Amino acid sequence: MRARRLESVVDAVGNTPLVRLGRVAKHVPDVEVWAKLEFANPGGSVKDRPALRMILDALADGRLTRAKTLIDSTSGNTGVAYSLFGAALGIGVRLVMPSNVSKARKDIVRSFGTDVVFSDPMEGSDGAIRVAREIVEKEPERYFYPDQYSNPSNWRAHYDGTALEILDALGDRLTHFVAGLGTTGTMMGCTRRLKEHARPVQCVAIEPAEALHGLEGLKHLATSLVPPIYDPTVPDRILPVSTENGWDMADRLAREEGLHVGHSSGANVFAALQIAEEAQRGGRGGCVVAIVCDRGDRYFAPMKWERRYVW
Amino acid sequence: METIVRIPTPLRTLTGGADEVSASGNTVGDVIEDLERRHPGIRERLLDDKGVRRFVNIYVGEEDVRFLDGLKTALKAGDQISIVPAIAGG
(Lines give C-alpha, C1' and ligand atoms only; values in the text may rest on other atoms or scores of the structure.)
Protein backbone atom coordinates (compact mmCIF):
# COMPACT_ATOMS: atom_id res chain seq x y z
CA MET A 1 0.00 0.00 0.00
CA ARG A 2 1.15 3.51 -0.75
CA ALA A 3 -0.45 6.56 0.84
CA ARG A 4 -1.23 9.43 -1.54
CA ARG A 5 0.69 12.64 -0.93
CA LEU A 6 -0.77 15.65 -2.74
CA GLU A 7 0.32 19.24 -3.31
CA SER A 8 -3.21 20.64 -3.25
CA VAL A 9 -6.78 19.60 -2.54
CA VAL A 10 -7.48 19.93 -6.27
CA ASP A 11 -5.24 16.90 -6.82
CA ALA A 12 -7.58 14.83 -4.63
CA VAL A 13 -10.36 14.91 -7.23
CA GLY A 14 -11.15 11.68 -9.05
CA ASN A 15 -9.79 8.16 -8.74
CA THR A 16 -12.84 7.26 -6.69
CA PRO A 17 -13.44 3.66 -5.57
CA LEU A 18 -15.81 1.16 -7.14
CA VAL A 19 -17.61 -0.96 -4.56
CA ARG A 20 -19.41 -4.20 -5.37
CA LEU A 21 -23.01 -4.26 -4.17
CA GLY A 22 -23.36 -7.73 -2.67
CA ARG A 23 -26.53 -7.56 -0.62
CA VAL A 24 -28.99 -5.52 -2.69
CA ALA A 25 -27.87 -7.47 -5.77
CA LYS A 26 -27.79 -10.95 -4.26
CA HIS A 27 -30.87 -11.99 -6.27
CA VAL A 28 -28.86 -11.48 -9.50
CA PRO A 29 -25.84 -13.74 -8.80
CA ASP A 30 -24.65 -13.85 -12.43
CA VAL A 31 -24.46 -10.06 -12.75
CA GLU A 32 -21.88 -7.87 -11.03
CA VAL A 33 -23.32 -4.57 -9.78
CA TRP A 34 -20.81 -1.88 -8.84
CA ALA A 35 -21.25 1.55 -7.30
CA LYS A 36 -18.73 4.26 -8.21
CA LEU A 37 -18.44 6.28 -5.02
CA GLU A 38 -18.20 9.85 -6.18
CA PHE A 39 -18.75 11.07 -2.63
CA ALA A 40 -15.08 10.21 -2.09
CA ASN A 41 -14.16 13.42 -3.93
CA PRO A 42 -12.97 16.21 -1.58
CA GLY A 43 -16.17 18.23 -2.03
CA GLY A 44 -18.25 15.14 -1.33
CA SER A 45 -19.85 14.71 -4.75
CA VAL A 46 -19.45 13.89 -8.43
CA LYS A 47 -19.65 17.63 -9.14
CA ASP A 48 -16.03 18.15 -8.10
CA ARG A 49 -14.99 16.79 -11.48
CA PRO A 50 -16.86 19.20 -13.80
CA ALA A 51 -16.43 22.18 -11.46
CA LEU A 52 -12.66 21.77 -11.31
CA ARG A 53 -12.36 21.13 -15.04
CA MET A 54 -14.46 24.20 -15.91
CA ILE A 55 -12.26 26.35 -13.63
CA LEU A 56 -8.95 24.95 -14.88
CA ASP A 57 -9.92 25.16 -18.58
CA ALA A 58 -11.04 28.79 -18.12
CA LEU A 59 -7.87 29.74 -16.21
CA ALA A 60 -5.81 28.16 -18.99
CA ASP A 61 -7.41 30.15 -21.83
CA GLY A 62 -7.91 33.42 -19.91
CA ARG A 63 -11.73 33.42 -19.56
CA LEU A 64 -11.13 33.34 -15.80
CA THR A 65 -8.61 35.46 -13.92
CA ARG A 66 -8.20 36.12 -10.22
CA ALA A 67 -9.66 39.60 -10.77
CA LYS A 68 -13.02 38.04 -11.68
CA THR A 69 -15.73 36.43 -9.57
CA LEU A 70 -17.02 33.02 -10.55
CA ILE A 71 -20.83 32.99 -10.65
CA ASP A 72 -23.24 30.15 -11.45
CA SER A 73 -26.62 28.73 -10.57
CA THR A 74 -26.54 25.52 -8.61
CA SER A 75 -28.82 23.54 -6.36
CA GLY A 76 -25.91 22.55 -4.24
CA ASN A 77 -23.16 20.11 -5.04
CA THR A 78 -21.64 22.10 -7.89
CA GLY A 79 -21.74 25.11 -5.59
CA VAL A 80 -19.85 23.23 -2.90
CA ALA A 81 -17.24 22.27 -5.48
CA TYR A 82 -16.88 25.81 -6.87
CA SER A 83 -16.58 27.15 -3.31
CA LEU A 84 -13.93 24.65 -2.32
CA PHE A 85 -11.78 25.13 -5.44
CA GLY A 86 -12.37 28.90 -5.43
CA ALA A 87 -10.94 29.02 -1.91
CA ALA A 88 -8.05 26.73 -2.81
CA LEU A 89 -7.17 28.67 -5.98
CA GLY A 90 -7.85 32.20 -4.70
CA ILE A 91 -10.96 32.92 -6.81
CA GLY A 92 -14.07 34.66 -5.44
CA VAL A 93 -17.35 32.72 -5.85
CA ARG A 94 -20.98 33.90 -6.01
CA LEU A 95 -23.82 31.38 -6.28
CA VAL A 96 -27.51 31.61 -7.14
CA MET A 97 -29.70 28.91 -5.59
CA PRO A 98 -33.41 28.47 -4.93
CA SER A 99 -34.12 29.53 -1.33
CA ASN A 100 -35.54 26.11 -0.46
CA VAL A 101 -32.12 24.45 -0.72
CA SER A 102 -31.29 22.77 2.59
CA LYS A 103 -29.67 24.89 5.31
CA ALA A 104 -26.70 22.54 5.42
CA ARG A 105 -25.96 23.33 1.77
CA LYS A 106 -26.10 27.07 2.33
CA ASP A 107 -23.84 26.75 5.38
CA ILE A 108 -21.30 24.56 3.60
CA VAL A 109 -20.74 26.99 0.72
CA ARG A 110 -20.67 30.01 3.01
CA SER A 111 -17.97 28.35 5.12
CA PHE A 112 -15.62 28.67 2.12
CA GLY A 113 -16.36 32.40 1.91
CA THR A 114 -18.86 32.14 -0.95
CA ASP A 115 -21.52 34.83 -1.48
CA VAL A 116 -25.04 33.36 -1.95
CA VAL A 117 -27.97 34.90 -3.89
CA PHE A 118 -31.39 33.29 -3.49
CA SER A 119 -33.96 32.75 -6.23
CA ASP A 120 -37.67 31.95 -6.06
CA PRO A 121 -38.26 28.43 -4.66
CA MET A 122 -41.34 28.07 -6.88
CA GLU A 123 -39.15 28.36 -9.99
CA GLY A 124 -36.68 25.62 -8.99
CA SER A 125 -33.31 25.35 -10.66
CA ASP A 126 -34.56 26.99 -13.87
CA GLY A 127 -35.37 30.12 -11.85
CA ALA A 128 -31.82 30.12 -10.45
CA ILE A 129 -30.42 29.87 -13.99
CA ARG A 130 -32.44 32.93 -15.06
CA VAL A 131 -31.30 35.01 -12.07
CA ALA A 132 -27.63 34.12 -12.67
CA ARG A 133 -27.96 35.18 -16.32
CA GLU A 134 -29.49 38.52 -15.30
CA ILE A 135 -26.67 39.28 -12.85
CA VAL A 136 -24.02 38.48 -15.47
CA GLU A 137 -25.77 40.55 -18.16
CA LYS A 138 -25.60 43.63 -15.93
CA GLU A 139 -21.83 43.39 -15.33
CA PRO A 140 -20.36 40.91 -17.79
CA GLU A 141 -16.75 42.01 -17.28
CA ARG A 142 -16.92 41.36 -13.54
CA TYR A 143 -17.88 37.71 -13.75
CA PHE A 144 -16.78 34.39 -15.09
CA TYR A 145 -19.98 32.40 -15.70
CA PRO A 146 -19.00 28.77 -16.28
CA ASP A 147 -22.66 27.81 -16.97
CA GLN A 148 -22.39 24.13 -16.18
CA TYR A 149 -25.39 23.37 -18.40
CA SER A 150 -23.67 24.68 -21.54
CA ASN A 151 -19.97 24.22 -20.80
CA PRO A 152 -18.25 21.36 -22.68
CA SER A 153 -15.60 21.17 -19.92
CA ASN A 154 -18.42 19.66 -17.82
CA TRP A 155 -18.75 16.48 -19.87
CA ARG A 156 -15.04 16.38 -20.77
CA ALA A 157 -14.23 15.93 -17.06
CA HIS A 158 -16.11 12.64 -17.25
CA TYR A 159 -14.76 11.70 -20.68
CA ASP A 160 -11.17 12.06 -19.45
CA GLY A 161 -11.79 11.00 -15.84
CA THR A 162 -14.78 8.99 -14.65
CA ALA A 163 -15.14 6.77 -17.73
CA LEU A 164 -11.43 5.97 -17.96
CA GLU A 165 -11.33 5.02 -14.29
CA ILE A 166 -14.26 2.63 -14.79
CA LEU A 167 -12.59 1.02 -17.82
CA ASP A 168 -9.31 0.79 -15.94
CA ALA A 169 -11.00 -1.02 -13.05
CA LEU A 170 -13.32 -3.34 -14.99
CA GLY A 171 -12.06 -3.39 -18.56
CA ASP A 172 -13.86 -5.75 -20.93
CA ARG A 173 -16.14 -7.07 -18.19
CA LEU A 174 -18.20 -3.86 -18.25
CA THR A 175 -21.57 -4.31 -19.99
CA HIS A 176 -23.74 -1.47 -18.64
CA PHE A 177 -23.27 2.04 -17.31
CA VAL A 178 -25.98 3.95 -15.39
CA ALA A 179 -26.06 7.65 -14.53
CA GLY A 180 -28.75 10.25 -13.92
CA LEU A 181 -29.58 13.28 -16.06
CA GLY A 182 -29.11 16.65 -14.35
CA THR A 183 -26.77 18.89 -16.30
CA THR A 184 -26.28 15.62 -18.24
CA GLY A 185 -22.48 16.03 -18.08
CA THR A 186 -21.83 12.64 -16.46
CA MET A 187 -23.95 10.81 -19.04
CA MET A 188 -22.59 12.71 -22.06
CA GLY A 189 -18.92 12.43 -21.10
CA CYS A 190 -18.88 8.86 -19.81
CA THR A 191 -21.00 7.50 -22.66
CA ARG A 192 -18.87 9.14 -25.36
CA ARG A 193 -15.74 7.57 -23.86
CA LEU A 194 -17.31 4.16 -23.14
CA LYS A 195 -18.57 3.98 -26.75
CA GLU A 196 -14.96 4.22 -27.95
CA HIS A 197 -14.15 1.04 -26.03
CA ALA A 198 -13.63 -2.08 -28.11
CA ARG A 199 -16.42 -4.00 -26.37
CA PRO A 200 -19.99 -2.66 -26.48
CA VAL A 201 -21.25 -0.96 -23.30
CA GLN A 202 -24.93 -0.10 -22.92
CA CYS A 203 -25.28 3.38 -21.42
CA VAL A 204 -28.54 4.02 -19.57
CA ALA A 205 -29.70 7.44 -18.43
CA ILE A 206 -32.04 7.88 -15.46
CA GLU A 207 -34.62 10.59 -15.24
CA PRO A 208 -37.35 11.36 -12.71
CA ALA A 209 -40.61 9.69 -13.71
CA GLU A 210 -42.59 12.87 -13.05
CA ALA A 211 -42.15 16.61 -13.49
CA LEU A 212 -42.68 17.31 -9.78
CA HIS A 213 -40.21 15.02 -8.05
CA GLY A 214 -37.86 14.68 -5.09
CA LEU A 215 -34.72 13.38 -6.79
CA GLU A 216 -32.54 16.39 -6.16
CA GLY A 217 -29.88 16.88 -8.81
CA LEU A 218 -31.91 15.19 -11.55
CA LYS A 219 -33.96 16.92 -14.24
CA HIS A 220 -37.22 15.86 -15.86
CA LEU A 221 -36.09 17.01 -19.30
CA ALA A 222 -39.51 17.05 -20.96
CA THR A 223 -40.61 19.86 -18.64
CA SER A 224 -37.27 21.62 -17.97
CA LEU A 225 -34.85 23.90 -19.74
CA VAL A 226 -32.85 21.31 -21.68
CA PRO A 227 -29.11 21.73 -21.05
CA PRO A 228 -27.33 22.72 -24.27
CA ILE A 229 -24.66 20.06 -23.64
CA TYR A 230 -27.37 17.37 -23.78
CA ASP A 231 -27.47 15.27 -26.94
CA PRO A 232 -30.48 12.93 -26.86
CA THR A 233 -28.81 10.52 -29.29
CA VAL A 234 -26.01 9.71 -26.82
CA PRO A 235 -27.74 7.45 -24.23
CA ASP A 236 -28.81 4.02 -25.46
CA ARG A 237 -31.86 4.13 -23.25
CA ILE A 238 -33.63 6.40 -20.76
CA LEU A 239 -35.23 4.83 -17.71
CA PRO A 240 -37.72 6.81 -15.62
CA VAL A 241 -37.48 6.23 -11.85
CA SER A 242 -40.07 7.38 -9.33
CA THR A 243 -39.03 9.46 -6.35
CA GLU A 244 -40.34 6.77 -3.99
CA ASN A 245 -38.18 4.05 -5.61
CA GLY A 246 -35.10 6.30 -5.47
CA TRP A 247 -35.63 7.21 -1.85
CA ASP A 248 -36.36 3.63 -0.77
CA MET A 249 -33.23 2.34 -2.50
CA ALA A 250 -31.14 5.04 -0.81
CA ASP A 251 -32.47 3.74 2.53
CA ARG A 252 -31.67 0.15 1.60
CA LEU A 253 -28.12 1.01 0.54
CA ALA A 254 -27.50 2.54 3.97
CA ARG A 255 -28.95 -0.38 5.89
CA GLU A 256 -27.75 -3.25 3.75
CA GLU A 257 -24.50 -2.02 2.22
CA GLY A 258 -23.32 0.64 4.69
CA LEU A 259 -23.57 3.21 1.92
CA HIS A 260 -25.53 6.24 3.07
CA VAL A 261 -26.17 7.94 -0.27
CA GLY A 262 -28.31 10.75 -1.66
CA HIS A 263 -31.64 10.26 -3.42
CA SER A 264 -30.36 10.54 -6.98
CA SER A 265 -27.82 7.81 -6.20
CA GLY A 266 -30.67 5.68 -4.88
CA ALA A 267 -32.44 6.18 -8.22
CA ASN A 268 -29.30 5.22 -10.17
CA VAL A 269 -28.82 2.02 -8.17
CA PHE A 270 -32.53 1.19 -8.41
CA ALA A 271 -32.23 1.38 -12.20
CA ALA A 272 -28.93 -0.54 -12.19
CA LEU A 273 -30.68 -3.38 -10.38
CA GLN A 274 -33.54 -3.35 -12.91
CA ILE A 275 -30.96 -3.72 -15.68
CA ALA A 276 -29.14 -6.43 -13.73
CA GLU A 277 -32.44 -8.32 -13.32
CA GLU A 278 -33.03 -8.14 -17.08
CA ALA A 279 -29.52 -9.49 -17.72
CA GLN A 280 -30.01 -12.24 -15.15
CA ARG A 281 -33.31 -13.29 -16.74
CA GLY A 282 -31.69 -13.25 -20.16
CA GLY A 283 -29.02 -15.63 -18.86
CA ARG A 284 -26.28 -13.40 -20.19
CA GLY A 285 -24.60 -12.34 -16.97
CA GLY A 286 -23.14 -8.87 -17.03
CA CYS A 287 -21.39 -6.10 -15.17
CA VAL A 288 -23.27 -2.91 -14.32
CA VAL A 289 -21.75 0.30 -12.93
CA ALA A 290 -23.95 2.93 -11.30
CA ILE A 291 -22.78 6.38 -10.30
CA VAL A 292 -23.22 7.21 -6.62
CA CYS A 293 -23.29 10.99 -6.76
CA ASP A 294 -23.11 12.06 -3.14
CA ARG A 295 -23.68 11.08 0.46
CA GLY A 296 -27.06 11.10 2.17
CA ASP A 297 -25.96 13.32 5.04
CA ARG A 298 -25.97 16.25 2.61
CA TYR A 299 -29.78 15.99 2.83
CA PHE A 300 -30.03 15.45 6.58
CA ALA A 301 -30.24 18.93 8.05
CA PRO A 302 -33.90 19.73 8.51
CA MET A 303 -35.40 22.35 6.30
CA LYS A 304 -38.06 24.53 7.85
CA TRP A 305 -40.86 22.19 6.87
CA GLU A 306 -39.03 19.13 8.13
CA ARG A 307 -38.85 20.20 11.74
CA ARG A 308 -41.29 17.66 13.07
CA TYR A 309 -41.56 15.49 10.03
CA VAL A 310 -39.78 12.16 9.78
CA TRP A 311 -38.85 11.38 6.18
CA MET B 1 -64.47 30.28 -0.06
CA GLU B 2 -61.97 30.84 -2.86
CA THR B 3 -58.28 30.48 -2.06
CA ILE B 4 -55.32 31.40 -4.23
CA VAL B 5 -52.96 28.46 -4.87
CA ARG B 6 -49.42 29.09 -6.14
CA ILE B 7 -48.40 26.45 -8.67
CA PRO B 8 -44.73 25.47 -9.18
CA THR B 9 -43.25 25.34 -12.67
CA PRO B 10 -43.39 21.52 -13.05
CA LEU B 11 -47.19 21.48 -12.52
CA ARG B 12 -48.09 24.39 -14.76
CA THR B 13 -48.72 22.04 -17.67
CA LEU B 14 -51.86 21.10 -15.74
CA THR B 15 -52.99 24.71 -15.15
CA GLY B 16 -52.60 25.98 -18.70
CA GLY B 17 -49.37 27.70 -17.72
CA ALA B 18 -50.89 29.68 -14.84
CA ASP B 19 -48.60 30.25 -11.82
CA GLU B 20 -51.58 31.03 -9.58
CA VAL B 21 -55.06 29.52 -9.69
CA SER B 22 -58.12 29.72 -7.43
CA ALA B 23 -59.88 26.83 -5.81
CA SER B 24 -62.55 26.63 -3.18
CA GLY B 25 -62.82 24.70 0.06
CA ASN B 26 -62.69 25.12 3.82
CA THR B 27 -59.63 22.93 4.31
CA VAL B 28 -56.45 22.22 2.37
CA GLY B 29 -57.81 18.79 1.45
CA ASP B 30 -61.04 20.31 0.09
CA VAL B 31 -59.05 22.81 -1.96
CA ILE B 32 -57.00 19.99 -3.49
CA GLU B 33 -60.20 18.12 -4.38
CA ASP B 34 -61.50 21.27 -6.06
CA LEU B 35 -58.16 21.75 -7.83
CA GLU B 36 -58.53 18.22 -9.16
CA ARG B 37 -61.97 19.08 -10.58
CA ARG B 38 -60.62 22.21 -12.25
CA HIS B 39 -57.20 20.79 -13.28
CA PRO B 40 -57.55 17.00 -13.59
CA GLY B 41 -54.43 15.02 -12.70
CA ILE B 42 -53.06 17.40 -10.12
CA ARG B 43 -54.15 15.42 -7.06
CA GLU B 44 -52.04 12.35 -7.83
CA ARG B 45 -49.00 14.59 -8.28
CA LEU B 46 -49.48 15.88 -4.72
CA LEU B 47 -51.00 13.06 -2.69
CA ASP B 48 -50.67 9.33 -2.24
CA ASP B 49 -52.77 7.03 -0.07
CA LYS B 50 -50.89 8.23 3.03
CA GLY B 51 -51.49 11.93 2.41
CA VAL B 52 -49.07 14.53 1.05
CA ARG B 53 -46.30 12.76 -0.88
CA ARG B 54 -42.95 12.74 0.94
CA PHE B 55 -41.20 15.13 -1.40
CA VAL B 56 -44.07 17.59 -1.88
CA ASN B 57 -44.43 20.55 0.43
CA ILE B 58 -47.76 22.34 0.76
CA TYR B 59 -47.75 25.63 2.62
CA VAL B 60 -50.53 27.73 4.04
CA GLY B 61 -48.95 31.14 4.22
CA GLU B 62 -45.46 30.51 5.64
CA GLU B 63 -46.20 27.21 7.36
CA ASP B 64 -45.98 23.68 5.99
CA VAL B 65 -49.28 21.86 6.49
CA ARG B 66 -47.30 18.99 8.05
CA PHE B 67 -46.86 21.24 11.08
CA LEU B 68 -50.50 22.32 11.03
CA ASP B 69 -53.31 19.80 10.64
CA GLY B 70 -52.15 18.30 7.36
CA LEU B 71 -54.92 18.05 4.78
CA LYS B 72 -57.45 18.93 7.49
CA THR B 73 -55.82 22.34 8.02
CA ALA B 74 -58.64 24.90 8.10
CA LEU B 75 -58.41 27.92 5.83
CA LYS B 76 -59.51 31.44 6.54
CA ALA B 77 -60.19 34.30 4.17
CA GLY B 78 -57.02 35.67 2.65
CA ASP B 79 -54.92 32.53 3.20
CA GLN B 80 -52.66 31.61 0.32
CA ILE B 81 -51.59 28.05 -0.45
CA SER B 82 -48.19 27.35 -2.05
CA ILE B 83 -47.08 24.06 -3.52
CA VAL B 84 -43.28 24.07 -3.20
CA PRO B 85 -41.29 21.50 -5.15
CA ALA B 86 -38.14 19.69 -4.21
CA ILE B 87 -35.06 21.09 -5.87
CA ALA B 88 -33.99 19.74 -9.22
CA GLY B 89 -30.95 20.26 -11.39
CA GLY B 90 -27.21 20.02 -11.11
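Key figures for this structure:
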read-out	value
Accessible surface ranking that places the most exposed of A:R49, B:R38 first, with a 1.4 angstrom probe	B:R38, A:R49
Selection of trypsin sites (Lys or Arg not before Pro), segment A:237-279, meeting DSSP coil and at most 16 other Cβ within 10 Å	none
Loop sites in segment A:26-123: trypsin sites (Lys or Arg not before Pro), DSSP, at most 10 other Cβ within 10 Å	A:K26, A:R66
Relative contact order %, chain A, counting alpha carbon pairs below 8 Å whose residues are six or more apart	22 percent
Exposure rank, largest accessible area first [A:T162, A:T223, A:T233; 1.4 Å]	A:T233, A:T223, A:T162
GluC sites (Glu not before Pro) restricted to DSSP loop in segment A:1-93 with at most 15 other C-beta within 10 Å	A:E7
Debye, to nearest 20: dipole size of segment B:2-84, +1 on Lys, Arg Cβ, -1 on Asp, Glu Cβ	240 debye
Nearest-10 value in Å² for the accessible area of A:W34, using the 1.4 Å probe	40 Å²
Neighbourhood net charge (15 Å Cβ-Cβ; Lys/Arg +1, Asp/Glu -1) for A:H158	0
Accessible area (Å², 1.4 Å probe, nearest 10) - A:R295	100 Å²
Percent carbon-and-sulfur accessible area, the protein assembly as shown, ignoring ligands, DNA and RNA, probe 1.4 Å	49 percent
B:D64, A:D297, reordered so the largest accessible area comes first (probe 1.4 Å)	A:D297, B:D64
Reach of B:K72 by Cα under 18 Å, taken over lysines that are not fewer than 8 positions away in the same chain	B:K50
In degrees, nearest ten, helix A:77-89 long axis to first principal axis of chain A (Cα)	60 degrees
Net dipole in debye of segment A:48-144 [+1 Lys, Arg Cβ; -1 Asp, Glu Cβ; about Cα centre; nearest 20]	260 debye
Within the protein assembly as shown: Cβ-based charge dipole about Cα centre, in debye rounded to nearest 20 (Lys, Arg +1; Asp, Glu -1)	920 debye
Relative contact order %, segment A:187-256, counting alpha carbon pairs below 8 Å whose residues are six or more apart	40 percent
Given charges at Cβ of Lys, Arg, Asp, Glu: the protein assembly as shown dipole, positive-most of A:A3, A:P98, A:V289	A:A3
Accessible surface of A:F118 - all protein chains present, 1.4 Å probe, nearest 10 Å²	90 Å²
Chain B, relative contact order [Cα under 8 Å, separation at least 6], %	34 percent
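The values are calculated or read from the model by the stated rules, or taken from the named source; none is laboratory data. All values derive from a computational prediction rather than experimental measurement. Reconstructed Cβ throughout: ideal geometry from the backbone, glycine too, with neighbour counts over all protein chains shown. Heads up: the accessible areas ignore ligands, DNA and RNA and are worked out on the full protein's heavy atoms, side chains in. Shrake-Rupley method; radii C 1.70, N 1.55, O 1.52, S 1.80 Å.
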